[in-house]
Amino acid sequence: MIRLDFNKIGGLVPAIVQDYKTGEVLMLAFMNQEAWETTLSTGKATFYSRTRKELWIKGRTSGNMQLVK
């Protein structure tokens, strides 16, 4: 299992999202421990919104989900 250090950057870690086929970088976001655990349990990319101060599931409103491969 991957171990991340959430004690830095105010409890956040950077998350680079890439296309699994091409390797193209799609976005940079941040995860807190809850977002990381939610991503692992659901398979849906979940991030922490620093501006809204809440979890953000990519695609919840747009329908463009990012599934973890």
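The values are calculated or read from the model by the stated rules, or taken from the named source; none is laboratory data. Quick caveat: nothing in here was measured; it's all calculated off a predicted structure. Glycine also receives a Cβ, built like all others from the backbone with ideal geometry; neighbour counts cover every protein chain displayed. For accessibility, only protein heavy atoms count, side chains too; no ligands or nucleic acids. Shrake-Rupley method; radii C 1.70, N 1.55, O 1.52, S 1.80 Å.
Each residue in the range 43-66 was checked for being under 12 Å from the mean Cα position of the chain (by Cα) and of a type in the set (Val, Ile, Thr), and 2 pass. For the range 5-23, the set of residues classified as surrounded by 11 or more Cβ atoms within 10 Å (Cβ to Cβ), farther than 14 Å from Lys69 by Cβ and without any contact (Cβ under 8 Å) to a residue 24 or more places away in the chain consists of Ile9, Gly11, Val13, listed by residue number. One residue is enough: does the range 57-69 have a residue meeting the conditions surrounded by 13 or more Cβ atoms within 10 Å (Cβ to Cβ) and at pLDDT 95 or above? Among the residues of the range 57-69, not one is surrounded by 13 or more Cβ atoms within 10 Å (Cβ to Cβ) and at pLDDT 95 or above, which makes the answer no. Listed by position, the strands (runs of 3 or more DSSP E) enclosed by the range 24-69 that each have at least 1 residues that are under 19 Å from Phe6 (Cα atoms), in contact (Cβ under 8 Å) with a residue 12 or more places away in the chain and among the small types (Gly, Ala, Ser) are 25-31.
Just checking, does the range 43-52 include any residue being of a type in the set (Val, Ile, Thr) and open to solvent by 100 Å² or more (accessible area, probe 1.4 Å)? Please lay out each step first, then the result.
Initial filter on the range 43-52 (of a type in the set (Val, Ile, Thr)): 46, 51.
With open to solvent by 100 Å² or more (accessible area, probe 1.4 Å) added as a condition, the list becomes 51.
So far as the range 43-52 goes, yes, one or more of its residues are of a type in the set (Val, Ile, Thr) and open to solvent by 100 Å² or more (accessible area, probe 1.4 Å).
How many of the residues in the range 24-39 are closer than 14 Å to Lys58 by Cα, open to solvent by less than 100 Å² (accessible area, probe 1.4 Å) and not β-branched (Val, Ile, Thr)?
Taking the range 24-39 and keeping what is closer than 14 Å to Lys58 by Cα, we get 26-31, 35-36, 38-39.
Narrowing the set further to residues that are open to solvent by less than 100 Å² (accessible area, probe 1.4 Å) leaves 26-27, 29-31, 35-36, 38-39.
Okay, now just the ones that are also not β-branched (Val, Ile, Thr), so 26-27, 29-31, 35-36.
Going through the range 24-39 one residue at a time, the tally reaches 7.
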